[in-house]
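Before any comments, here is the structure.
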There are 2 protein chains.
Amino acid sequence: MSQAVFERLAIIGLGLIGSSLARRVMADRSPAGPILARELVAFDASAEVRLRARELGLADLVADDLAASVAGAEAVILCTPVGALGAVAGEIMPHLAQGAILSDVGSTKQTVLREVLPILRPDIPLVPGHPLAGTEFSGPDAGFSTLFEGRWCLLTPPEGTDPLAIERIERFWHGCGARTRTMDAAHHDRVLAIVSHLPHLLAFTICGTADDLADETRQEVLEFAASGFRDFTRIAASDPVMWRDIFLSNRDALLEMLARFTEDAQAMARAIRWGDESFIVDRIERGRAIRRSLIELKQS
Amino acid sequence: MSQAVFERLAIIGLGLIGSSLARRVMADRSPAGPILARELVAFDASAEVRLRARELGLADLVADDLAASVAGAEAVILCTPVGALGAVAGEIMPHLAQGAILSDVGSTKQTVLREVLPILRPDIPLVPGHPLAGTEFSGPDAGFSTLFEGRWCLLTPPEGTDPLAIERIERFWHGCGARTRTMDAAHHDRVLAIVSHLPHLLAFTICGTADDLADETRQEVLEFAASGFRDFTRIAASDPVMWRDIFLSNRDALLEMLARFTEDAQAMARAIRWGDESFIVDRIERGRAIRRSLIELKQS
């Protein structure tokens, strides 16, 4: 029988990510295969979600009490919205087992450090994580055990974190099918700002701009939505509260990327106004070059 | 035997759209079915493309001379890049048959009127068209006969155009599988600016912004491209010269939509900077509402 990564694991928050992790842990109980956790305890702030989690068999035990759910766990993974992370961490801190690893799955990482480091017990290793995976759906029914297969999970442990704790969290994610990369939290937030947060902001905004057009034009915008606009509305279909939290918690990096983007868009506007053909073609060519690189990296 | 829409049709320019139209006309020769054109003559400025068009059997006759290709045709459809339309129209004008219908497939429509109306012979009805169809590929090999199936073709004839000429062009597009809608050229350009041209401008720009980041970050942008950014690069993979022409020929409407969008993006930036949660959620909700409307319209 292989060694489980964790004897007892607690997952707090059973939305898309939390319930997917829980399903993966529960699906991984073959006597021969690797075992992510010998025992899984789960908790969600919503009584309705806890009830549904029990019906779905998402954990060995779905606790009704947050403090009780983390007692005795070797590791606790917070899967709550980013805006609730600090409060939940504060509440569980006194109840964590000696030396338990604390991790999370939030989309922004500097806020986690900012909110959790000041209240972190000295014996608790903090290994924040961010799986680059998701769908436009949410809630405990939306999760599935293969969500992390072949995806990245970025880890941003603060300096001085016990390397053994980092290594166990990495083993856990590898067992979920993900690849891991460790990086600085500020660097993480800048990369995600351009890769994910700014594209979502632009998609939400163009939908709003279209919605502001006069009634007749708006109807035609819908009727004649060519591929460009349709792709934007797909991105814009995501959960409002989750994205509000992401925008606010990655404010500095996002505003910087938006400022760079706006400068570039204004330069394009100027080139269009004055007919600077070579500038326009150069910018378009760079988009194609990035697309080619992406395809070469087999990300497409 | 059914009546053909045109006895003799000329298609000028055999890229994606022109070669797709040509394929559709040639595929439509069953004795029982409707016949789009009893005879199809095609021309392309490139000798190489003409050679390939003959190999592919894209027309009854691939002419080597532009003037000769339109002689005796009841209708001529210009499928050249928008930037070349005016010059080509000027060159063929003296050679058009008495009363021949002149049409095109360009993505912007005010420029067509601006360039062609001053040189238009009084006996020639002008029925500009714009099929909302395409792929990211180009050239005579990229076309296919079903490209227009179920898509819109927008027509922008100037006031006073012979209704019978408009009706024949509509019958032609219906025979290609498309739906048609007639509208004012300025209105067309505004709708397309928000539905297609601005989304492409934003996609090209964000790829350029990402490309400008420091080397280390750029590599990671490629590695960690989440769904948001990846969708943008797909849009940004289109043909540079075609898009340069579209941006320049729809300059006024595009710059106006970009200005509206930029105001909206700045308002979003301000809300993020000052933590105006309800503003942020409201803008995100509007994107979702538009997405829902699109799905209801079965455009998705």
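A simple rule links phi to the HN-Hα coupling: the Karplus curve 6.51 cos²θ - 1.76 cosθ + 1.60 with θ = phi - 60°, which for region A:243-252 gives 6, 4, 4, 5, 4, 6, 7, 10, 3, 5 Hz, with x for Gly and Pro. Counts of other chain beta carbons within 10 angstrom of each beta carbon in peptide B:237-247 average 5. The helix-based estimate of mean residue ellipticity at 222 nm for chain A, built from -39,500 (n - 2.57) per DSSP H run of four or more residues and divided by its residue count, is -15000 deg cm²/dmol to the nearest 500. Annotation: amide H of B:A42 within the under-5 Å range of B:I11, B:L61, B:V62, B:A63, sequence separation 5 or more or interchain, hydrogens built in the peptide plane.
Take the alpha carbon atoms of region B:122-164, find their center, do the same for region B:214-238, and report the distance between the two centers in whole angstrom. The distance from the Cα centre of region B:122-164 to that of region B:214-238 comes to 34 Å. Can you figure out the FRET efficiency of A:R179 with B:E216, using R₀ = 25 Å and their beta-carbon distance, to the nearest 0.05? Calculated transfer efficiency: 0.85.
Per-residue shielding of A:132-145, expressed as the average number of other chain Cβ atoms within 10 Å of the residue Cβ, stands at 1. Taking region B:182-218 and a reference point 7 angstrom along Cα→Cβ of A:E263, the backbone N atoms nearer than 19 Å belong to B:202-218. The string of couplings for region A:129-142 from the Karplus curve (6.51, -1.76, 1.60, θ = phi - 60°) is x, 9, x, 7, 8, x, 9, 7, 9, 9, x, x, 7, 7 Hz, one whole number per residue in order, with x for Gly and Pro.
By DSSP, the beta bridges lying fully in the protein assembly as shown are antiparallel in about 10 percent of cases.
For A:S278 and B:R29, what does the FRET efficiency come to when R0 = 41 Å and r is the distance between their Cβ atoms, rounded to the nearest 0.05?
E between A:S278 and B:R29, to the nearest 0.05, is 0.35.
Once a ≥ b ≥ c are taken as the square roots of the eigenvalues of the Cα gyration tensor of region B:6-182, is the result rounded (a/c under 1.5), prolate (a/b larger than b/c) or oblate (a/b not larger than b/c)? Rounded is the answer for region B:6-182, as its axis ratio a/c remains below 1.5. For A:R179, the amide hydrogen comes within under 5 Å of the amide hydrogens of A:G150, A:R151, A:W152, A:C153, counting only partners 5 or more places away or on other chains and with H modelled in the peptide plane. Each of A:E7 and B:A186 was given a label point 7 Å from its Cα along the Cα-to-Cβ line. The distance between the two points is 7.8 nm.
When only the Cβ of Lys, Arg, Asp and Glu is charged (+1, +1, -1, -1), the dipole of region B:78-225 relative to its Cα centre reaches about 760 debye.
Spin-label model, A:Q98 to A:A71: label points 7 Å out along the Cα-to-beta-carbon direction sit 1.8 nm apart.
With a ≥ b ≥ c the root eigenvalues of the C-alpha gyration tensor of the protein assembly as shown, is it rounded (a/c under 1.5), prolate (a/b larger than b/c) or oblate? It would help to have the intermediate numbers written out before the result.
On the way: a/c = 2.73, a/b = 2.38, b/c = 1.15.
Prolate, because a/c is 1.5 or more and a/b exceeds b/c.
Around B:N250, with a cut-off of 13 angstrom between Cβ atoms, what is the net charge of the other residues, counting Lys and Arg +1 and Asp and Glu -1? Please report the intermediate quantities before stating the final value.
Working: positive: A:R273, B:K109, B:R114, B:R190, B:R244, B:R251; negative: B:D189, B:D245, B:D252, B:E256.
Net local charge, B:N250 excluded: +2.
Computed from point charges on the beta carbon alone (+1 for Lys and Arg, -1 for Asp and Glu), the dipole magnitude for region A:193-300 about its Cα centre is near 460 Debye. On full extension, the segment bounded by A:D252 and A:D123 gains 43.3 nm, given 0.36 nm per residue less the C-alpha separation.
Values quoted throughout were computed directly from the atomic coordinates according to the rules given, and no laboratory measurement underlies them. Bear in mind the structure is a predicted one, so any value in this text is a computation, not a measurement. All Cβ positions, even for glycine, are placed from backbone atoms using ideal geometry, and neighbour counts span all protein chains on display.
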